[in-house]
Amino acid sequence: MTASALVRRSDLKRMAEIAKAEGVRVEVEINGRIIRVSPDIPDNHKQQRVDMKPEDFTSLADWQAWRDQERAREAQRHS
């Protein structure tokens, strides 16, 4: 005879839906054990591209560093 699960599948699915929709970690404590369900963090915190303008830079060196980084990213995308 097998032991019953601490948390039913339907409860886990509900917790996962809340975690994903709200971007939070959901916790439940049962008999001294904590069950946690977390959203997929990388999906919630994707970097967004920022288009820089020449006036956004305080010096030529800052602009050159940014330009070099952009060129490296482009090269990496195309390789």
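Overview of results
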| read-out | value |
| --- | --- |
| Boolean, VAL24 is assigned to a loop (DSSP other than H, G, I, E, B), at pLDDT below 90 and surrounded by 10 or more Cβ atoms within 10 Å (Cβ to Cβ) | yes |
| Pair list, Cβ < 7 Å and 6+ apart or interchain, from segment 1-24 residues that are without any contact (Cβ under 8 Å) to a residue 60 or more places away in the chain to residues that are loosely packed, with under 14 Cβ neighbours inside 10 Å and basic (Lys, Arg) | LEU6/ARG33; ALA19/ARG25 |
| Where a residue in segment 62-75 is at pLDDT 90 or above and of a type in the set (Val, Ile, Thr) and its partner, wherever it lies, is part of a helix (DSSP H, G or I) and surrounded by 11 or more Cβ atoms within 10 Å (Cβ to Cβ), with Cβ under 9 Å and at least six apart | none |
| Checklist (1) at pLDDT 85 or above; (2) in contact with a Phe, Trp or Tyr (Cβ under 8 Å, 6 or more places away or on another chain) applied to PRO54, failing item | (1) |
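The values are calculated or read from the model by the stated rules, or taken from the named source; none is laboratory data. Owing to the predicted nature of the structure, the values given are computational and were not obtained by experimental measurement. Note that each Cβ is placed from the backbone with ideal geometry, even for glycine, and that neighbours are counted across all protein chains shown.
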